1. When you look at Gly320, is it under 24 Å from Ile112 (Cβ atoms) and in contact with a helix residue (DSSP H, G or I) (Cβ under 7 Å, 6 or more places away or on another chain), yes or no?
2. Keeping to segment 116-168, report how many residues are over 22 Å from Gly332 (Cβ atoms), assigned to a strand (DSSP E or B) and either among the hydrophobic types (A, V, I, L, M, F, W, C) or assigned by TED's automatic domain parsing to the domain that holds Gly13 (or both).
3. Within the group Cys49, Cys36, Cys32, which residue is surrounded by 24 or more Cβ atoms within 10 Å (Cβ to Cβ), over 22 Å from Tyr285 (Cβ atoms), more than 17 Å from the chain's Cα centre (by Cα) and not assigned by TED's automatic domain parsing to the domain that holds Ala168?
4. For segment 286-306, indicate whether the set of residues that are closer than 22 Å to Val103 by Cβ and out of contact with any Pro (no Cβ under 6 Å at 6 or more places or on another chain) is non-empty.
5. Can you find a residue that is at pLDDT below 95, basic (Lys, Arg) and under 17 Å from the mean Cα position of the chain (by Cα) anywhere in segment 290-309?
6. Looking at segment 42-90 only, could you name the residues that are of a type in the set (D, E, K, R) and touching an Asp or Glu at 6+ places or on another chain (Cβ under 7 Å)?
7. Can you give me the ranges of the strands (runs of 3 or more DSSP E) entirely in segment 1-77 with at least 2 residues that are within 23 Å of Phe126 (Cβ to Cβ) and of a type outside the set (Asp, Glu)?
8. Can you work out which of the residues in segment 272-284 that are of a type outside the set (Val, Ile, Thr), under 28 Å from the mean Cα position of the chain (by Cα) and not in a loop (DSSP other than H, G, I, E, B) is surrounded by the fewest Cβ atoms within 10 Å (Cβ to Cβ)?
Amino acid sequence: MTSPPRLGVIGVGVFGLLHLRAFRQAQRAGKCELVCAAATSRTRLDQRCAEFGIRGYTDWREMLDRELLDAVSIVTPDHLHREQTLAALERGLHVLVEKPLDVTVPGGEEMIRAANVRERLLQVDFHKRYDPWHLELKRKLDRGELGALRYASCHMEDQIVVPRDWFAGWAQHSSPVWFLGVHFFDLMRWLMSSEPTRVFASGMRGKLTALGIDSYDAVQTLVQFANGASCTFDNSWILPDNFEAIVNQGLRIVGTEGVVEVDTQDRGMRGCTSAEGMRTFNMGYVVEATDRRGQPEFRGYGIESISDFVDNLLFLREGGTIEQLRGRVALGEDGLAATRMAVAAHRSVETGEVVDVSGSDQGRKVR
């Protein structure tokens, strides 16, 4: 009997903690072995290593060189994904990388080439695909219940606490498009089973720059798809601190035979306390419980999208192929498609022009 795959995690912050929890649960089920983690913050790293009983490194390169790993998950700021993913692939490791795949098209292409040459899994954590609300919408669309799609709209907006406090050290390297927009870029492409063709966007700065954060406050993007439908994407991360949820999000799709609206912010559970004020709760994302032995247990699509990586590693070990995962799992090519849309959106904001993202010459302006 072969030993389970050995995993490491690069990045142990807000979202890195979810990866550690997901892998520890998989370890308890005998599916993997959570071995180590790397992070630049020694204090936070020591806390995580003590909690999960793993080894820690402040240099992720040293971790990759010293540990005998089968796979690694990368949960670091957007602009670091490329270098860390390539280093892991060069060492023959399978990789789960948080969205976005990369913040440049050439970088994403290089990552995909490296994965293909070494025949390694390059999976992108687009957890919106695992949301049961979205899964039901996908089933309806695949069955043709909405007819021919005509237009759609979606929004994802964060409280200002996210760029100002959570990620103050690197928010200037990101934007509401990179941090939020790529989620729905991938989701709408996946839901509609259609490729983007043209992108037009407008953006505004001011509130964050006044706080010393050189990033857009908000960007609105219009994307046309090959199936003839168009979709608007509204993204911002300047909602007030006292907004009733960290994330405000939802979508609407209209076809010739129907319409579906999905409010993924207000899912039906609301409450008010003197300490927090009015709040809505997303009980589909991550829910904490305890198992029969009293151990912490986490459920929800925010955990399932990470756990799926472990199941895919086991599938490959059992003789499955990466090609068999295509269409069911968000691979590097799916991450690259979202990156192309995000790059085009920023280019359109800067030039005021429509950007073509179809064909071999993707990313050129449309005059």
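The values are calculated or read from the model by the stated rules, or taken from the named source; none is laboratory data. Only a predicted model underlies this, so the values are computations on that prediction, with no experimental measurement involved. When we count neighbours, we look across all protein chains shown, and the Cβ atoms used for this are built from the backbone with ideal geometry, even at glycine.
1. Taking the combined requirement at face value, the residue does not satisfy it.
2. Selection size over segment 116-168: 4.
3. The match here is Cys32.
4. Yes; the residues of segment 286-306 include at least one that is closer than 22 Å to Val103 by Cβ and out of contact with any Pro (no Cβ under 6 Å at 6 or more places or on another chain).
5. no
6. Arg82
7. In segment 1-77, the matching strands (runs of 3 or more DSSP E) lie at 6-10, 33-38, 71-74.
8. Restricting to residues being of a type outside the set (Val, Ile, Thr), under 28 Å from the mean Cα position of the chain (by Cα) and not in a loop (DSSP other than H, G, I, E, B), the top hit is Met278.
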